[in-house]
Amino acid sequence: MPVKVSAPGKVHLVGEHAVVYGEPAIMAAVGLRTYVDAERERGSVIVEDFQRKFKAKWDLKGVLDFSEEARKIWESGAGKKPADFSGLFSFVKGDDFKKAVIGTTLSKLGIMEGVKVRITSEIPTGSGLGSSSALSVAIVKAVSEAYGKKLPLEKINEIAFGCEQLAHGMPSGGDNSTCCFGGLIWFQKDIKTGKFIIKSLRKEVPYEMKEFVLVYTGKPEKTTGELVQQVRMHEPEFRDPRIKRIGEITREMLGALKERDSEGIKSLINEDWTLLRDFGLSTPTADKLIEKIKSMGGAAKLCGACGGGMMLAYHEDLDRLKKAIKSEGFDPMEVKLGVEGVRVE
Ligand code: PMV
């Protein structure tokens, strides 16, 4: 019998990109999930991804060798100054990411057998909603369960973070942590030790955050790894003050959320976006829609790596907000924020 698990996507209310440099982010698990069925398989790895219409059968040794090679290329990229993962990005491309995740999971768990994995997902890929993190977390959980291993969430998160590095080079770990633990969280990485600080914000923000909607603005031309690298390549004199201010905005946002201070929330989202935009992370489509939302008194920003993908919009009058978005030809999505993390179905 296959084991079925699921993990949610995530959205940054605020703090993306700056979180890579050790600043905090406020993140919510969203009510769109990736489902993975896994069962034991002798000597090979079979993958079927219904969302991407992808099917493959790989020999087990090939999968293990691929993930080991990807890790070596990652280490060499991380050792450069500044870190450069271009080689990794051309090695781990598209659906090969699944090979890297499964190979990493099997070898981390010391499982020298194969697995059959079937994936269905509600999370659009490469759109700032953490599709790769939800996939990594769900695969680690599903494969470990299929082999009778009950891993603590911390361990699942640690292995999934290693997988995320193979997709994005230098991710913060915030995405996989939110998809793994779920809820509304404060995430920060200690840059010196690499340790994650993950704090649930349930007590500070106990209410349902219903004034937010998501809007899909189109597929980004660049991957998360490339967009993170784009920010890293800016001169430190230009980049660092903006990163620092985004960190302050996140701290101020926690206060505004606690108080349910709509005006504060809106002005912080809008300021956050002007800073992210300075890094070249917008698109003409996003600019136009954001201007419309701001002109009717709302706030909006792209999410995650940005460069297109999902937009997060906020207004205390949700009906007016949805109407404004629709009038521009877009489809506002009301999703639940702060849902449960990875789980067996
Ligand atoms: O686009 P996503 O969903 O992969 O989110 C990336 C978020 C960043 O802050 C840009 C990178 C990171 O690792 O935190």
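Brief remarks on what is shown
- Of all the listed residues (L312, L275), the sole one being modelled with pLDDT of 95 or more, within 16 Å of the ligand (Cβ to nearest atom), touching a Cys at 6+ places or on another chain (Cβ under 6 Å) and closer than 16 Å to I26 by Cβ is L312.
- Single condition K292 does not satisfy, out of (1) closer than 28 Å to G169 by Cα; (2) more than 22 Å from the chain's Cα centre (by Cα): (1)
- Number of the condition not met by D84 [criteria: (1) away from the ligand (no atom under 16 Å from the Cβ); (2) at pLDDT 95 or above; (3) surrounded by 16 or more Cβ atoms within 10 Å (Cβ to Cβ); (4) not in a strand (DSSP E or B)]: (2)
- Between L135, L64, the distinction of being under 25 Å from A305 (Cβ atoms) and either surrounded by fewer than 22 Cβ atoms within 10 Å (Cβ to Cβ) or modelled with pLDDT of 95 or more (or both) belongs to L135 only.
- Beta carbons closer than 8 Å, at least 6 apart along the sequence or on distinct chains, pair a first residue in region 284-299 that is in contact (Cβ under 8 Å) with a residue 60 or more places away in the chain and buried (at least 23 other Cβ atoms within 10 Å of the Cβ) with a second that is polar (S, T, N, Q) and not in a helix (DSSP H, G or I) for A286/T217.
- Close pairs (6 angstrom Cβ cut-off, 6 or more residues apart or separate chains): at pLDDT below 95 in region 163-189, in a strand (DSSP E or B) and of a type outside the set (A, V, I, L, M, F, W, C) anywhere: S172/K189
The values are calculated or read from the model by the stated rules, or taken from the named source; none is laboratory data. Please read these numbers as outputs of a predicted model, since none were measured by experiment. Ideal geometry is used to build each Cβ from the backbone, glycine not excepted, and the neighbour counts take in all protein chains shown.
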